[in-house]
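Inspection log for the structure reproduced underneath, given as structure tokens.
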Amino acid sequence: MLKKQCLATKVYWHTIKYNNMQKQIAQLQFITQGETAQMHIDQVEKALESGCQWIQLRMKDFGDATIIDTAVKAREITLKTGAKLIINDRVDIAQTVNADGVHLGKNDLSPPEARAILGDNYIIGATANSFEDIERLSKQPVDYIGVGPFRFTETKKNLSPVIGLEGYAKLVKQCREIQINIPMVAIGSVGNSDVENLLKTGMYGVAVSSAIAKASNPVDATRELIEILESHHKQ
């Protein structure tokens, strides 16, 4: 089992020690959505404008050429602000555009396979739907785990059973009992009003999509999320 340790360094970031390397994992992660490539780019710009520093580019139903072109543009934008760019599913595209990392679903390449391709410098996140998933992933070369769904979400097909607040609290307790310390972010239709209660369960952070992408004012919605995190840390 690879040793991973989570150390607080900033309000919205934790540093992961992994094989003598340090990687920053954001507590607020934004996942793009949209029917056109331009919608994804617009969302990246709005999220970064308001202070979000972690973008996951998720383009499930697009061709390779469009994904690569959009990822190149997103990489250019994130480099200007110092934000992290994570590519959903596609290890090859993450490597092609020199992204910061990749997020792997349960049907994608395994974390060991992705690590063998990308090397130690890349951030690798993975999806979990149960404690068994988390326990399995904790023994693999992943830097964070997206755990969900929190509730029903329209952005994902073949949805697993929802977890809810009580489910997250139970998962955190189970992890602490066997000293699994890898950062876990709640995902799946997480709204601004959910964040405080999710953090109180002991979850490390949140990954949001519609809360920003479908907000009437995405900039204000993102700033509100950051304020919620800041308030939580002051308690």
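The values are calculated or read from the model by the stated rules, or taken from the named source; none is laboratory data. None of these values were measured; they are calculated from a predicted model. As a convention, Cβ positions derive from the backbone with ideal geometry for all residues, glycine included, and neighbour counts pool all protein chains shown.
Here are some notes:
- Members of the stretch 48-86 that are among the aromatic types (Phe, Trp, Tyr) and farther than 15 Å from Val102 by Cβ: Phe62
- Here Asp133 fulfils each of the conditions (1) surrounded by 15 or more Cβ atoms within 10 Å (Cβ to Cβ); (2) farther than 27 Å from Gln179 by Cβ apart from (2).
- The residue of the stretch 24-51 that is nearest to Met203 (Cα to Cα), among those that are of a type in the set (S, T, N, Q), part of a loop (DSSP other than H, G, I, E, B) and in contact (Cβ under 8 Å) with a residue 60 or more places away in the chain, is Gln27.
- So Asn98, is it at pLDDT 95 or above, of a type in the set (S, T, N, Q) and at positive phi: yes
- Checking each residue in the stretch 78-108 for being aliphatic (A, V, I, L, M) and within 17 Å of Met59 (Cα to Cα) picks out Leu85, Ile86, Ile87, Val91, Ile93, Ala94, Val97, Ala99, Val102, Leu104.
- Filter pass, Gln140 being assigned to a loop (DSSP other than H, G, I, E, B) and either farther than 20 Å from Ile55 by Cα or under 18 Å from the mean Cα position of the chain (by Cα) (or both): yes
- From the options Ile68, Ile16, Ile31, Ile25, residue that is touching a Pro at 6+ places or on another chain (Cβ under 9 Å) and at pLDDT 90 or above: Ile25
- Checking Gln53 against (1) under 16 Å from the mean Cα position of the chain (by Cα); (2) surrounded by fewer than 23 Cβ atoms within 10 Å (Cβ to Cβ); (3) under 21 Å from Val91 (Cβ atoms); (4) not aliphatic (A, V, I, L, M), the condition it does not meet: (3)
- Residue in the stretch 54-76 that is touching a Leu at 6+ places or on another chain (Cβ under 6 Å) and closer than 27 Å to Pro161 by Cα present: yes
- Residue match in the stretch 149-160 (condition: of a type outside the set (S, T, N, Q), part of a helix (DSSP H, G or I) and buried (at least 20 other Cβ atoms within 10 Å of the Cβ)): no
- For first residues located in the stretch 168-191 and farther than 24 Å from Ser209 by Cα, partners that are assigned to a loop (DSSP other than H, G, I, E, B) and of a type in the set (A, V, I, L, M, F, W, C) and lie 6+ apart or on another chain with Cβ distances below 7 Å do not occur.
- In the stretch 207-219 there is at least one residue matching the filter, namely being basic (Lys, Arg) and assigned to a loop (DSSP other than H, G, I, E, B).
- Note on the stretch 128-157: among residues that are of a type in the set (Lys, Arg) and modelled with pLDDT of 95 or more, the one that is farthest from Lys214 (Cα to Cα) is Lys139.
- When Lys214, Lys170 are screened for being more than 26 Å from Met59 (Cβ to Cβ), of a type in the set (D, E, K, R) and at pLDDT 95 or above, only Lys170 passes.
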